[in-house]
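Asker: Sharing a structure, written as structure tokens. Questions coming.
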Amino acid sequence: MALEELQKHLEEAKVLLEKATRKGVRDALTAELLDNEKPDAVVAPVTMGYTVKTSNYGWDQSDKSVKIYITLTGVHQVPSENVQVHFTERSFDLLVKNLSGRSYSTTVNNLLKLTSVEGSSKKVKTDTVLILCRKKVEKAGDYLAQAEKDCCSYTCKEKEKPSYDTETDASEGLMNILKKIYEEGDNDMNQTINRAWKTEFSILGGGDTDPQ
């Protein structure tokens, strides 16, 4: 029943109560008024808004556990039951409901360390939710999840690739590659490069040129 209709209903019941003379009618009207005037008779609607997915977090670890710090401004002001975390052995999913009219979700899948669901927990601090993932095996690692490891591996491989200057010709590009191999190679490799280099430049009439 809408609030306005409920108010009209109560006012009409009061008018009838004043006019009623029979005890049974008066008792029924009185019960009706008391029932509808309880504080929980009218429940204000909760505005949930839409759900925002966020990956704004940091983490650190010990041999026993991983701590994930998720930043959400004002999260300490919402009811505790609005902050929910679901754990599995390889993931966790945080859902914060009705924070400034919105819900917020943070999900991390494919954790590299198996998590003890029973031993894991959450704690709400000022503007932060702390997720504690208790490890099944007490051992530290370099990454939190598989996606982070894959990203780092790709970045490292990109850095190791030889750089090419589009403004240089093919022979200069080859020289740069040979220099890189020469600097990182052992004695046998360097001797092989030297012999190949001298042969190539002798054919071209360039004389003895060392790749160094």
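The values are calculated or read from the model by the stated rules, or taken from the named source; none is laboratory data. Everything numeric here is computed off the predicted structure, so don't read it as measured data. Because the Cβ atoms are built from the backbone with ideal geometry, glycine has one as well, and the counts that use them run over all protein chains shown. Each accessible area value is taken on the protein alone, full model and side chains, heavy atoms only, with ligands, DNA and RNA left out. Shrake-Rupley method; radii C 1.70, N 1.55, O 1.52, S 1.80 Å.
Asker: Rank these by accessible area, largest first, 1.4 Å probe: Y57, Y104.
Answerer: Numbers: Y57 80, Y104 45 Å².
If we order Y57, Y104 from most to least accessible, we get Y57, Y104.
Asker: For the range 51-135, just list the percent of Cα-Cα distances falling in each 10 Å bin from zero outward, please.
Answerer: 18, 55, 24, 3
Asker: Let me ask something additional. Within the range 70-105, name every residue whose backbone N is under 18 Å away from a label modeled 7 Å from Cα of D60 along the Cβ vector.
Answerer: Under 18 Å, as judged by backbone N against the label point of D60, lie 70-71 of the range 70-105.
Asker: Let me ask something else about it. So for E12, E118, what's the accessible-area order with a 1.4 Å probe, most first? Don't skip to the end; give the middle numbers.
Answerer: On the way: E12 120, E118 160 Å².
So, going from the largest accessible area down, we get E118, E12.
Asker: In addition: If ligands, DNA and RNA are left out, what is the accessible area of T51 with a 1.4 Å probe, given in Å² to the nearest 10?
Answerer: 80 Å²
Asker: Still on this structure, please answer the following. Let me check something: with ligands and nucleic acids excluded, how do L144, L112 order by accessible area (1.4 Å probe), largest to smallest?
Answerer: Working: L144 10, L112 50 Å².
The most accessible residue leads, giving L112, L144.
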